[in-house]
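Nothing in this text is a laboratory measurement; each read-out follows from the coordinates by a stated rule. What you see is a predicted model, and the numbers here were worked out from it, not measured in a lab. Cβ placement follows ideal geometry from the backbone for every residue including glycine, while neighbour counts extend to all protein chains displayed.
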Amino acid sequence: MTSIGGAGMVDWKLAVATATRFVRPGPEISREEAREVVAELRRHAKAAEEHVRAFTRMIPEGTEPEDTPVLVVDRAGWIKANVAGFRELLRPLLDKMEERRGGGAGSAVLGAVGSKVTGVEVGMLLSFLASRVLGQYETFAPATRDLPASADGGGRLLLVAPNIVHVERELEVDPHDFRLWVALHEETHRTQFTAVPWLRDHLQGEIQSFLDETDVDPMTVLERLREAAQSLAGGRPEGEEGEDGGRSLVEVVQTPAQREILGRLTAVMSLLEGHADYVMDGVGPEVVSSVGEIREKFQQRRARGASRLDQALRKLLGLDAKLRQYRDGERFVRAVVDEVGMDGFNRVWTSPNTLPTKAEIARPADWIARVHRKAES
């Protein structure tokens, strides 16, 4: 578990190789055009930084938070960055499972499956995701020469150039406007983490608490995975009833304590994604001339989905829930800003205690009453 290809529950080196091999090829583009796209994305990221800071007012004038690098990557680069992040996050859980596997009831089963098979499975999932992500603020992977981070160990902003080019062509929108529009959304995430120093540690703590609550008995984990797969395929054994049919793999494989943690994580992610959408649309009309066309076509693309296999995988991975986070979170941010203004909304970043709950995301007035009315009383 100490190296990317080392022995353990997951062969991470094989996961990278598998994902890189099976990821869809990017759009056809000349070397010269590729260089132009990379240069433009870097310029847009810098411009977006100024626009986002001015609009959100999250960073007081005269202060300068720790800067984090902007990396324009291809699909293979995105895969490597996310494998490094997953390995770091999952290390404590996989170490525990490795200890439990030795001599346990599930030892023979997991021994047969092996770390290489698990690596292939992880790689196949990443190959699916790698062609869909336009950008990401990656915050958990340790800094390396190929994956630099800020001096304080923060993250880095990834812009996935081939995916951005693919979508702008598919939507038939102005490529220069679309690239800036995407940069505004992703730059908002970078601003969230650089302006709110406690946010990264808070999220990592919540994720580790979720993983710590995982039942690490290998046979139990396999059984839950089987149930999740049956639920996804509509293959629940005859006579079994329940409410798992509409839930993703992440939601099914959990204990009651994890449901509470997942609720808090869902609220935070809804806030972060909704805030990025709100900022992107707020800044957009001033700097992106075709923002109306881009937003309409992009929303149609989100709602349309793709093939049945694509839809099944989205369901399994919980990506449908992510789309709801964009919608619900944006509604929350808009309602709060309309009621108490941008500075009033920014109280949300004061501490973990001022983050909205999952219920408050759906009822913004409750968050306002809790955070503002209580502070004023």
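List, in order, the whole-Hz ³J(HN,Hα) value for each residue of segment 22-37 obtained from phi through the Karplus relation with A = 6.51, B = -1.76, C = 1.60 and θ = phi - 60°; use x for Gly and Pro.
Values, residue by residue: 9, 5, 4, x, x, x, 6, 7, 6, 4, 5, 5, 4, 4, 5, 4 Hz.
If r is the Cβ-Cβ distance from Thr144 to Ser30 and R0 is 41 Å, what FRET efficiency results, to the nearest 0.05?
After rounding, the FRET efficiency stands at 0.85.
Determine the gain in length on full extension of the stretch Arg43-His372; use 0.36 nm per residue of separation and subtract their C-alpha separation, reporting nm with one decimal.
114.6 nm
If we sort 173-186, 68-81, 351-364 on the protection proxy, mean other Cβ atoms within 10 Å, highest first, what's the order?
So the peptides 173-186, 68-81, 351-364, ranked by packing, come out 173-186, 68-81, 351-364.
Can you compute the modelled spin-label distance between Ser209 and Ala365, with each label point 7 Å from Cα toward Cβ, in nm?
Inter-label distance under the simple model: 2.9 nm.
Can you give the FRET efficiency to the nearest 0.05 for Asn353 and Asp152, using r as the Cβ-Cβ distance and R₀ = 41 Å?
0.95
Could you run the Karplus curve 6.51 cos²θ - 1.76 cosθ + 1.60 with θ = phi - 60° over segment 70-86 and give me ³J(HN,Hα) per residue in whole Hz, x for Gly and Pro?
Taking θ as phi minus 60°, the curve returns 9, 10, 8, 10, 8, 5, 5, x, 5, 4, 4, 5, 6, 4, 4, x, 4 Hz for segment 70-86.
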